[in-house]
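Everything on this sheet refers to the single structure shown next.
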Amino acid sequence: MFVLLCCKMAGKITPHNYGIGVAPMRPDELLALKELEQNALFDAIQAINNNAQEEELYRIFHFTMRGNPIVKSFSLYVKDEGSWVCKTHWGNNLDFAELNLPASILAIKEPTLLTPDMGFLGDFDRVLPIKHKSEVLAYAFLSEKSPNTEAKFVHALSNIIIVAIENKKLARRHLQQENLKRQLDIAREVQSLLFPKKMPYHAQIKVAAEYKPHHSIGGDYYDFISISESEFLLCIADVSGKGVPAAILMSNFQAGLRILARQTKNLSIIVNELNRLIMDNSGGENFITAFFALFNIETKTLRYVNAGHNPPMLFRQNMMCERLSLGTTLLGTFSKLPMLDTGTVSNLNNFLLFAFTDGFTETYNETNEEFGEEVLTDFIAKNYDLPPRELNKVLLEMLDAFKGRNGFADDITLLTCRVMLP
């Protein structure tokens, strides 16, 4: 009976594989073996129903195989996070942790008899691929003491345990995805609260912004804070990192900025306090580049601090561009900022201030050319009279056409302020 089954499975048998001459098992031994196997399958199913952990299921497989009187040695390789890992083995002195499955084995999709020319796996009699639908999840390798079995029990036990473990992995991944989704939803809500709901847009002052996150949660931020009837503060910032941690850090930054801006007009104090806040919250692991500009309508004076950010562009009626670069280093890297300069620009009654994050200028097209700041500067100078909202819109359309089929590499934020005073 066994010889016929082997012939059906592999087409032939060899002395190496099945030890011709070994006496077949007696009927009472076969009956006892079947009872043992049925009890083992029942115990495995019960453990799965009791929600046993993966390690426990592997232990059940290990000791069930060791307790089977016809099993001489075994090894179980499981696909884990894209790699084939030996989860358990017995009866062989090989170091399976250092032995990878060869391509000849990975090509096997059905139960197969093994031969010595297959390398170290030739020490086993057969390999049993454990599949879910058409995907192989594991390989069980087996060597037997008796030819009176067709390994149906080993195949059944392996299938039950491996599929149960795979279901646990799927459930765990699903839970992780649900947790990530909840975190992203929270981060999106937090981020939506950061941006100002309303900014001035009238004859004398027009402020407009565009924000295009690279992913669903970005690390850019902009703000408009009315200090008094004659003063307002503009800010644009970019936090390192993405997702929930970046959103939380930026929310702390925004809260700190809004509180400080109502306590003092001294930009040096504001920037130093924000740097201390970021260090306390991130421990130096994240940093923020930022630009702060305080404009006084009565004195027509702009005071600013650039904290490691791309220098914004200031255009006057003569279309000449002045880059606002004075300030300090990026925030969150030093417990005390090494130096801090405040820039001042006077006699501003008609000007355009354009601030942006580096995601705009560092966008590449299909021929790997960078958009760059020179093109941006020239375009704004030639289109100085465009209203801020329209200017931002046209710039994004221009960048989208430039990149072609390429994706955006980072978040993009544009903040444009036009002031026209008598």
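The values are calculated or read from the model by the stated rules, or taken from the named source; none is laboratory data. In this text the structure is predicted, and so the values were computed from the model without any measurement. For neighbour counting, all protein chains shown are included, and Cβ atoms are generated from backbone atoms with ideal geometry for every residue, glycine included.
Report, by residue number, each residue of region 69-95 that is at pLDDT 90 or above and acidic (Asp, Glu). Once the filter is applied, which keeps residues that are at pLDDT 90 or above and acidic (Asp, Glu), region 69-95 yields nothing. Being on the phi > 0 side of the Ramachandran plot and either touching a Cys at 6+ places or on another chain (Cβ under 6 Å) or without any contact (Cβ under 8 Å) to a residue 60 or more places away in the chain (or both) is the filter here; which residues of region 277-315 pass it? Hits for region 277-315 are Gly283, Gly284, Gly308.
Can Leu101 be described as assigned by TED's automatic domain parsing to the domain that holds Lys169, at pLDDT below 90 and part of a loop (DSSP other than H, G, I, E, B)?
On the way: assigned by TED's automatic domain parsing to the domain that holds Lys169: yes; at pLDDT below 90: yes; part of a loop (DSSP other than H, G, I, E, B): yes.
In short, yes.
So, Asp400, is that one touching a Pro at 6+ places or on another chain (Cβ under 7 Å), more than 30 Å from Thr301 (Cβ to Cβ), assigned by TED's automatic domain parsing to the domain that holds Leu348 and not hydroxyl-bearing (Ser, Thr, Tyr) or not?
When the stated conditions are applied, Asp400 does not pass them.
Note on region 226-249: residues that are over 19 Å from the mean Cα position of the chain (by Cα) and among the hydrophobic types (A, V, I, L, M, F, W, C) total 7.
Here the condition is being under 30 Å from Arg258 (Cβ atoms) and either in contact (Cβ under 8 Å) with a residue 60 or more places away in the chain or of a type in the set (Phe, Trp, Tyr) (or both); of Lys212, Lys168, Lys197, it holds for Lys212 alone. Is it the case that some residue within region 361-384 is hydrophobic (A, V, I, L, M, F, W, C) and within 26 Å of Pro422 (Cα to Cα)? Yes, some residue in region 361-384 is hydrophobic (A, V, I, L, M, F, W, C) and within 26 Å of Pro422 (Cα to Cα). Consider region 245-267 and keep the residues that are closer than 22 Å to Val345 by Cβ and in contact with a strand residue (DSSP E or B) (Cβ under 7 Å, 6 or more places away or on another chain). The one that is surrounded by the most Cβ atoms within 10 Å (Cβ to Cβ) is Leu257.
Count of region 289-342 residues, restricted to those that are under 33 Å from the mean Cα position of the chain (by Cα) and not aromatic (Phe, Trp, Tyr), is 18. If we scan region 338-350, do we find a residue that is closer than 25 Å to Pro387 by Cα, touching a residue at least 40 places away in the same chain (Cβ under 8 Å) and buried (at least 16 other Cβ atoms within 10 Å of the Cβ)? Yes, region 338-350 contains a residue that is closer than 25 Å to Pro387 by Cα, touching a residue at least 40 places away in the same chain (Cβ under 8 Å) and buried (at least 16 other Cβ atoms within 10 Å of the Cβ). Applying a threshold of 6 Å to beta carbon distances and a minimum spacing of six or more residues, or different chains, the list of pairs starting in region 221-240 at a residue that is free of Cβ contacts under 8 Å to residues at least 60 places away in the same chain and ending at one that is surrounded by fewer than 18 Cβ atoms within 10 Å (Cβ to Cβ) and aliphatic (A, V, I, L, M) is empty.
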